[in-house]
Amino acid sequence: MAYEKILVAVDLGGSSGHLLATAQKLMANPEAELHVLHAVEPLNVTYGADIPMDLSTIQDEIYEQASDQLRQYCNSFDIPESRCHLVIGRPEVEIPAVAGRLGVDVIAIGSHARYGLALLLGSTTDGVLHHAGCDVLAVYVDAESDSD
């Protein structure tokens, strides 16, 4: 199957470049659309009521930093700004939702080795796989590439 519309879900870590390069290799032709998505997890979901303060300013700063990083990744891979997407929400929910709205053929997402408790609790990749209405390609990215 030739993929014509691909969504690459990046975490903006060191492995994002490898993931984007792998996704570009999947493109059936130069006319294929490559979309890039990063989901900023809301601080209130991450920390809940553990921090008794207004987190909106910090959330705005995180969003702006993610926006800048995403723009840099897209520019370095010649991906038009209209195909770069930044959302706030839980990645395992937002990635399949954006993929559905865009009508993509495949979602490419990075996958790390899981051990111990992380293996029992699952991962973003597992969540995306179970909620996606299209193919999901889990690209193994090792821990060393995250420290680049």
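What the table shows:
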{"read-out": "When residues of region 117-136 are limited to those that are of a type in the set (A, V, I, L, M, F, W, C) and surrounded by 17 or more Cβ atoms within 10 Å (Cβ to Cβ), the one modelled with the lowest pLDDT", "value": "LEU129"}
{"read-out": "Pairs, first free of Cβ contacts under 8 Å to residues at least 12 places away in the same chain in region 80-99, second outside any strand (DSSP E or B) and basic (Lys, Arg), C-beta under 9 Å, six or more apart", "value": "GLU81/ARG71"}
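The values are calculated or read from the model by the stated rules, or taken from the named source; none is laboratory data. Being a predicted model, the structure only gives us computed values, none of them experimental. Please note: Cβ atoms are built from the backbone with ideal geometry, for glycine as well, and neighbour counts cover all protein chains shown.
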